[in-house]
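One structure is given here, and the rest of the page talks about it.
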2 protein chains.
Amino acid sequence: MSTTQIGGVTVNTQANVYFDGKCVSHGITLADGTKKSVGVILPATLTFNTGAPEIMECVAGACEYKLPGSDVWVKSGVGERFSVPGNTRFEIRVSEGETAYHYICHFG
Amino acid sequence: MSTTQIGGVTVNTQANVYFDGKCVSHGITLADGTKKSVGVILPATLTFNTGAPEIMECVAGACEYKLPGSDVWVKSGVGERFSVPGNTRFEIRVSEGETAYHYICHFG
């Protein structure tokens, strides 16, 4: 069961474009001020840097991720989440065979 | 003056990915039920098909567009809008020198 919609939000109209468009997201702010982003990663292997801790929730497609200090790629599919500590870096890869990884990024 | 944020909306968490990711958008629904999308087009020349008429509003970057029946490429920059009739096709191009064209698509 994945989160298909999020209501009562303010959406930033300008997208965040990372890695030449391999990752595109739009920032949203909930009524209580909480900031999240909704985004998509196309087939690629990308290294992300975190500021605040993040929880990545898959809403469509799938990816594999590798957390700091680990050599293991773990799959994350629809309805699954994984947590990333703050101030670190982690890797996400989407295989060429996959269409994309659609996610909600929850901060803090 | 461009629209940097839109409040009181429900956002679809799954992105719309067109043309191998050269165009990525997220659908939003306003409180009154009006549907729009916020998206970005990366450097490319793309042909879009319309169902409902569309108004394209630039919120960052720039593009050129060519409407049906015209041979003229017209530039559209931040704060500018252009209208496209329903049930037709039109072209948008973003030059390699541009970063991207960020837009709000208003329907109807």
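A few notes on this one:
- Residues in region A:26-75 occluded by at least 40 Å² - accessible area, probe radius 1.4 Å, against chain by itself: A:H26, A:V38, A:L42
- Derived scalar couplings ³J(HN,Hα) [region B:93-108; Karplus, 6.51 cos²θ - 1.76 cosθ + 1.60; whole Hz; x for Gly, Pro]: 10, 10, 5, 4, x, 7, 7, 5, 10, 9, 9, 10, 9, 9, 9, x
- Computed on chain A, with alpha-carbon pairs under 8 angstrom and 6+ residues apart, the relative contact order is 31 percent.
- Rounded accessible area of B:R93 (nearest 10 Å², 1.4 Å probe): 70
- The apolar share of the surface of region A:30-107, taken as the fraction of accessible area on carbon and sulfur atoms (1.4 Å probe, ligands and nucleic acids excluded), comes to 49 percent.
- Dipole in debye (nearest 20) - chain B, about Cα centre, beta carbon charges: Lys, Arg +1; Asp, Glu -1: 160
- Area buried, chain B against chain A - accessible surface, total, 1.4 angstrom probe, square angstrom: 2100
- Projecting the Cα atoms of A:G86, A:T99, A:T3 onto the charge dipole of chain A, computed from C-beta unit charges around the Cα centre, puts A:G86 farthest toward the positive end.
- Cα centroid separation - region B:16-56 against region A:52-68, whole Å: 25
- For region B:2-16, residues shielded by at least 40 square angstrom of accessible area compared with the chain on its own, probe 1.4 Å: B:Q5, B:V9, B:T10, B:V11, B:T13, B:Q14
- Stokes-Einstein D in µm²/s, Kirkwood radius over Cα pairs - region B:2-42 at 37 °C with 0.692 mPa s viscosity: 300
- When Rg and the Kirkwood radius Rh are both evaluated on Cα atoms of the protein assembly as shown, their ratio Rg/Rh stands at 0.98.
- Taking A:K36, B:K22 and ordering them by how much accessible surface each has at a 1.4 Å probe, largest first, produces B:K22, A:K36.
- Approximate spin-label separation A:V72-A:T34, in nm, with each point projected 7 Å along Cα-to-Cβ: 2.9
- Ellipsoid fit via the Cα gyration tensor, chain A: semi-axes of 21, 16, 14 Å, each the root of five times an eigenvalue, largest first.
- Net charge over other residues, Cβ less than 13 angstrom from the Cβ of B:A60 (K, R count +1; D, E count -1): -3
- Measuring with a 1.4 angstrom probe and ignoring ligands and nucleic acids, A:D32 comes out at about 120 Å² accessible.
- Extent along principal axes [Cα atoms of region A:35-92; Å; largest to smallest]: 30, 26, 18
- Linear extension gain, A:T3 paired with A:I55, 0.36 nm per residue minus alpha-carbon span: 17.4 nm
- Average accessible area per residue (Å²) across chain A - probe 1.4 Å, nucleic acids and ligands excluded: 47
The values are calculated or read from the model by the stated rules, or taken from the named source; none is laboratory data. Keep in mind that what you see is a predicted model, and the values were worked out from it rather than measured. FYI the Cβ positions are ideal-geometry reconstructions off the backbone, even for glycines, and counts take in every protein chain you see. Only protein heavy atoms, including side chains, enter the accessible area calculation; ligands, DNA and RNA are left aside. Shrake-Rupley method; radii C 1.70, N 1.55, O 1.52, S 1.80 Å.
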